[in-house]
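Novice: My questions all concern the structure below.
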Amino acid sequence: MIYVIADRTDCDGIIAHALLKRGLGETKHFPADYPDFHKKLEEVINEPRGIVIIADLDLNPTIRRYTYLFERAKRKHEYLSWFDHHDGSMSQLNGFLSKYCAEITLSKDDCTSKLINEWHSRHDDDYAKWLAGIAQDYDYKNTGTDNYKLAEKIQEVIRSGFDVEKLFSMLAKDDSWQKNGELIDVLEAPRQDLIKRKKSAYKQLEDSLVYVATSPFRVMFGLSNMDLYRSDAPMYLRENDRQREKSGDKIDLYVVFFENEEGSAMIYGNNDEVETVKICNSLGGGGRGNNGGFTFGTKTSNSNYMERIKQVCFIIEQYSQNKYKQK
Ligand SMILES: [Mn+2]
């Protein structure tokens, strides 16, 4: 059996599941998110001996803490294969990963789905190539393309609470889940429901905004419900802040706390001055390029929101002190 542990929260992860199911046939899937990766790995350790494929999950400091699970997985199964494009995996190229994974496929410029597609490529499979292209445009924010528009729709289906296993099974088969870029009813109905919920989610996010100037950086904080998980909320803040930039008030970082049990958070940088991923690393998380995330371990709510803002500001200040001391 081939066991697949891959992200369940975004388009790239879901398409990675779909491509592996399509390409390999006998697969058992464990849709995961950064905060529960270790639980999924533990479940896979308890499965009969097989091959383990891990995809689109950043090897951030928190995941690296579960060395004992990697040890056990390596001993139990034939081998582990790791696909990713996040900084945490890239920086560990010759260290941690090569100790536990017989096969490592990484690239800075290709999304995980694209890496997977090229890895088991049947060059005649145009559908698989097209699917990987959708994930690529989504992950690298090629906004405006037809692929991106379709990716956004898939993303909304994922966020709607639609069964992800059902979703990637549909995507794995053929393109009958869409017609000329429009989703079929069974997917469109939950998506429309999410779109309605999103409106009030954006309003709630707006109402929660807090600005903090931690010299030399200006940071905007927000609290969001899970309808805007993970990139929607910070993307929205970054997009809607263009006006403010024109008036001279520049924001360097957008930080959004999500109301899930693990206390997930995302940080989006607005320029190249701040290395977002380094800040996320200090908070136990990771990321890629200008965007990253981390988790607090417990739920964020109105009652601990301000306290958590202070906590993150402290880390940002530490980061800036180190950064400017070095210069
Ligand atoms: Mn990805």
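Novice: What does the charge count around Asp56 come to, taking other residues whose C-beta lies under 13 Å from its C-beta (Lys +1, Arg +1, Asp -1, Glu -1)?
Specialist: Within the 13 Å Cβ shell, the charges total -3.
Novice: Which angle from 0 to 90°, rounded to the nearest 10, does the C-alpha axis of helix 164-173 make with the longest principal axis of the chain?
Specialist: The helix 164-173 is inclined about 50 degrees to the chain.
Novice: If you plug each phi of the stretch 199-216 into the Karplus form 6.51 cos²θ - 1.76 cosθ + 1.60 with θ = phi - 60°, what whole-Hz ³J(HN,Hα) values come out, in order, with x for Gly and Pro?
Specialist: 4, 6, 5, 5, 4, 4, 4, 4, 5, 8, 4, 9, 9, 9, 9, 9, 3, x
Novice: May I pose another question? Between the DSSP loop rule and a limit of at most 12 other Cβ atoms within 10 Å, which trypsin sites (Lys or Arg not before Pro) in the stretch 40-133 are left?
Specialist: Arg49, Arg65, Lys108, Arg122
Novice: Rounded to the nearest 500, what is the 222 nm mean residue ellipticity of the chain from helices alone, with -39500 (n - 2.57) per DSSP H run of 4+ residues and division by all residues?
Specialist: Helix-only estimate at 222 nm: -14500 deg cm²/dmol.
Novice: With axes computed from alpha carbons, what is the tilt in degrees of helix 305-326 against the longest principal axis of the chain, rounded to the nearest 10 within 0 to 90?
Specialist: 90
Novice: Still on this structure, please answer the following. Residues of the stretch 141-156 with the amide nitrogen closer than 17 Å to a label point 7 Å from the Cα of Asp126, along Cα-to-Cβ, please.
Specialist: Only 147 fall inside the zone, counting backbone N under 17 Å.
Novice: Rounded, prolate or oblate for the chain? Axes are the square roots of the Cα gyration tensor eigenvalues, ordered a ≥ b ≥ c, and the cut-off for rounded is a/c under 1.5.
Specialist: Since a/c reaches 1.5 but b/c is at least a/b, the shape of the chain is classed as oblate.
Novice: By how many nm would the segment from Thr145 to Asp241 grow when fully extended, if each residue of separation counts as 0.36 nm and the alpha-carbon distance is taken off? Write out the running numbers ahead of the final one.
Specialist: Values: separation 96, 0.36 × 96 = 34.56 nm, distance 2.26 nm.
Using 0.36 nm per residue and subtracting the Cα-Cα distance, I get 32.3 nm.
Novice: Could I ask something else about it? Between rounded, prolate and oblate, where does the stretch 137-287 land on the alpha carbon gyration tensor, with a ≥ b ≥ c its root eigenvalues, rounded for a/c under 1.5, else prolate if a/b exceeds b/c?
Specialist: Note, shape of the stretch 137-287 comes out prolate.
Novice: Which FRET efficiency, nearest 0.05, do Lys310 and Met226 yield, Cβ-Cβ r, R0 35 Å?
Specialist: 0.90
Novice: For Asp193, what is the net charge nearby, where nearby means another residue's Cβ is under 15 Å from its Cβ and Lys, Arg count +1, Asp, Glu -1?
Specialist: Charge balance in the 15 Å sphere: +2.
Novice: Under a plain spin-label model, where a point goes 7 Å from the Cα along Cα-to-Cβ, how far apart in nm are Lys325 and Ser98?
Specialist: Going by the 7 Å Cα→Cβ label model, 3.2 nm.
Novice: Next question, about the same structure. Fewest Cβ neighbours within 10 Å first, please rank Cys280, Cys101 accordingly.
Specialist: Cys101, Cys280
Novice: Please report Leu59, Leu187 as a ranked list, fewest other C-beta atoms within 10 angstrom at the top and most at the bottom. Intermediate results must be reported in sequence, preceding the final value.
Specialist: Values: Leu59 25, Leu187 21.
Going from sparsest to densest Cβ surroundings: Leu187, Leu59.
Novice: Taking a ≥ b ≥ c as the square roots of the eigenvalues of the Cα gyration tensor of the stretch 248-310, is the shape rounded (a/c under 1.5), prolate (a/b larger than b/c) or oblate?
Specialist: oblate
Novice: Something else about it: For Tyr66 and Asp175, calculate 0.36 nm times their separation in residues minus their Cα-Cα distance, and state this gained length in nm to one decimal.
Specialist: Fully extending the segment from Tyr66 to Asp175 adds 35.4 nm.
Novice: Testing the spin-label approximation: label points 7 Å from Cα along Cα→Cβ at Glu26 and Ser303. State their distance in nm.
Specialist: For Glu26 paired with Ser303, the spin-label model returns 5.1 nm.
Novice: Using a cut-off of 11 Å between beta-carbons, work out the net charge of the residues near Lys28 (Lys and Arg +1, Asp and Glu -1, Lys28 not included).
Specialist: -3
Novice: Then there's this: Ile184 versus Tyr211, label points 7 Å from Cα toward the beta carbon: distance in nm?
Specialist: 4.9
Read the figures in this text as sums done on the coordinates, not as results from a lab. The model shown is predicted, which means the values in this text are computed figures rather than measured ones. Glycine also receives a Cβ, built like all others from the backbone with ideal geometry; neighbour counts cover every protein chain displayed.
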